[in-house]
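Chemist: For reference, the structure I am asking about is given below.
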Amino acid sequence: MGRAFEYRKARKLKRWGNMSRTFTRIGKEITIAVKAAGPDPQMNPRLRTLMQNAKAENMPKDTVERAIKKATDKDSKDYKEIVYEGYGPYGIAILVETATDNNTRTVANVRSYFNKFGGSLGTSGSLSFLFEHKCTFRVAAKEGLDLEELELELIDYGVDEIERDEEENDIILSAPFEYNSGIQKYLEENGFEIKSTEFVRIPNDLKEVTAEQREQIEKLLEKFEDDEDVQNVFHNMKEDETEGEE
């Protein structure tokens, strides 16, 4: 299995447990997309992607439509996407993706979480070299699809990993983040059903920690994930291999 595929599987165990938080996160992204390129999904590729993701997360259609309509209101909040980078305890690198209408509040909160748990907030770009910014697409497998032929075709579009999820009968594609719009266009023009799209930051190197150290680091990660301004948290701590086992 490819790195992106395995990383997505590991992260799946750590998705937001609270459905309302998931809907809030997608709702913010819808607001950002609509304000940037309008409410018509046919003319707004990012909005199309978010509507697919909302469906994959079982977000009600009327909730999605309300979010789009609300985003067109001139009095609706403007969210800015900001990535914060820092080190947690024991030298664990952490990237925190946020969508905020008040950067002063958000940076103060993020800094306080790092400080409380023995870490430190770094400067923008200071840790990005430790992570690969990737896009992953989950698409329904067409009948009679030749995976090798598809892989050869998509190499020209930047795809560097392709896996078949036999359980769901899906294909998962992975590529550097900057290729996401071209891949989306190819898939749509060639009649593939895109089930979801995800942007992830995959660590280039994982750090081993003890059980006691993991417990402290995970308390910090939970503080980030409980913050309403935080959309995603990525780190380079090696996953607990026993987690998720029956």
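Chemist: Once label points are set 7 Å from the Cα along Cα→Cβ at both A140 and E166, what is their separation, rounded to one decimal in nm?
Modeler: It is 2.2 nm.
Chemist: Another question, if that's okay. Starting from segment 110-212, pick out the GluC sites (Glu not before Pro) whose DSSP state is loop and whose Cβ has at most 14 other Cβ atoms within 10 Å.
Modeler: Here the GluC sites (Glu not before Pro) that fit, given the DSSP loop and packing criteria, are E143, E166, E167, E168, E193, E208.
Chemist: Taking springs between alpha-carbon atoms closer than 10 angstrom, which of G27, G191, G158 fluctuates most in the Gaussian network model of the chain?
Modeler: G191
Chemist: Out of every Cα-Cα pair in segment 41-100, what percent are more than 18 Å apart?
Modeler: Values: 1000 of 1770 pairs.
Looking at segment 41-100, the distances longer than 18 Å represent 56 percent of pairs.
Chemist: What residue among K195, K28, K61 shows peak mean-square fluctuation when the chain is described by a Gaussian network model with Cα springs under 10 Å?
Modeler: Between K195, K28, K61, it is K61 that shows the largest mean-square fluctuation.
Chemist: What is the calculated FRET efficiency for D78 to L152, with r their C-beta to C-beta distance and R₀ = 45 Å, to the nearest 0.05?
Modeler: 0.55
Chemist: Residue farthest toward the positive end of the dipole of the chain, with Cβ of Lys/Arg at +1 and Asp/Glu at -1: which of A140, Q52, F192?
Modeler: Value computed over the given set: Q52.
Chemist: Right, next: Dipole size in debye (nearest 20) for segment 138-246 around its Cα centre, Lys and Arg Cβ +1, Asp and Glu Cβ -1?
Modeler: Computed about the Cα centre, the dipole is about 480 debye.
Chemist: Sticking to Cα atoms, compute the Rg of segment 162-217 to one decimal and its Dmax as the biggest Cα-Cα distance, whole number, in Å.
Modeler: Gyration radius and largest Cα-Cα distance of segment 162-217: 16.6, 50 Å.
Chemist: Continuing with this model, one more query. Considering all alpha-carbon pairs of the chain, what whole percent are spaced by more than 28 angstrom?
Modeler: Roughly 37 percent, once rounded to a whole number.
Chemist: What whole-number distance in Å separates the alpha-carbon centres of segment 26-45 and segment 76-112?
Modeler: Taking the Cα centre of segment 76-112 as reference, the centre of segment 26-45 is 22 Å away.
Chemist: Using DSSP H assignments, which helices in the chain have an axial alpha-carbon span of 18 Å or above and a mean Kyte-Doolittle hydropathy of 0.0 or higher?
Modeler: 19-37
Chemist: Can you tell me the accessible area per residue over the chain, all protein chains present, probe 1.4 angstrom, in square angstrom?
Modeler: Working: 13690 Å² over 246 residues.
Each residue of the chain exposes 56 Å² on average to a 1.4 Å probe.
Chemist: Figure the gain on full extension for T210 and D62 (residue separation times 0.36 nm, minus the Cα-Cα span) and round it to one decimal in nm. Can you show the working numbers first?
Modeler: On the way: separation 148, 0.36 × 148 = 53.28 nm, distance 4.57 nm.
Gain on stretching T210 to D62: 48.7 nm.
Chemist: Assign unit charges at the C-beta atoms only (+1 for Lys and Arg, -1 for Asp and Glu), then state the dipole size of segment 6-155 relative to its Cα centre in Debye, rounded to the nearest 20.
Modeler: 860
Chemist: Counting only protein heavy atoms and using a 1.4 Å probe, what share of the accessible area of segment 72-177 belongs to carbon plus sulfur, as a whole percent?
Modeler: 45
Chemist: Under 10 Å, Cα contacts only: if you run a Gaussian network model on the chain, which one of P203, P39, P60 comes out with the highest mean-square fluctuation?
Modeler: Comparing P203, P39, P60 in the GNM, the peak value goes to P60.
Chemist: Still on this structure: If N is the number of residues in segment 88-175, what value comes out of its Cα radius of gyration divided by 2.2 N^0.38 Å? Intermediate values should be presented prior to the final figure.
Modeler: Values: Rg = 19.5 Å, N = 88, 2.2 N^0.38 = 12.1 Å.
Normalised by 2.2 N^0.38 Å, the Cα Rg of segment 88-175 equals 1.62.
Chemist: Can I ask one more? Using Cα-Cα distances under 8 Å and only pairs 6 or more residues apart, what relative contact order does the chain have, in percent?
Modeler: 22
Chemist: What are the aspartates and glutamates whose alpha-carbon lies under 17 Å from the alpha-carbon of K80, with same-chain residues fewer than 8 places away excluded?
Modeler: K80 reaches E29, E97, D101, D227, E228, D229.
Chemist: Just for the Cα atoms in segment 152-194, what are the lengths along the principal axes, largest first, rounded to whole Å?
Modeler: 29, 20, 18
Chemist: Considering Cα pairs under 8 angstrom that are at least six residues apart, work out the relative contact order of segment 108-224 and quote it in whole percent.
Modeler: On the way: 135 pairs, mean separation 41.9, N = 117.
For segment 108-224, the relative contact order is 36 percent.
The values are calculated or read from the model by the stated rules, or taken from the named source; none is laboratory data. Not measured: the values here are computed from a predicted model. Cβ coordinates were reconstructed from backbone atoms using ideal geometry, including for glycine residues, and neighbour counts include every protein chain displayed. What goes into the accessible areas is simple: the full protein's heavy atoms, side chains included, and nothing from ligands, DNA or RNA. Shrake-Rupley method; radii C 1.70, N 1.55, O 1.52, S 1.80 Å.
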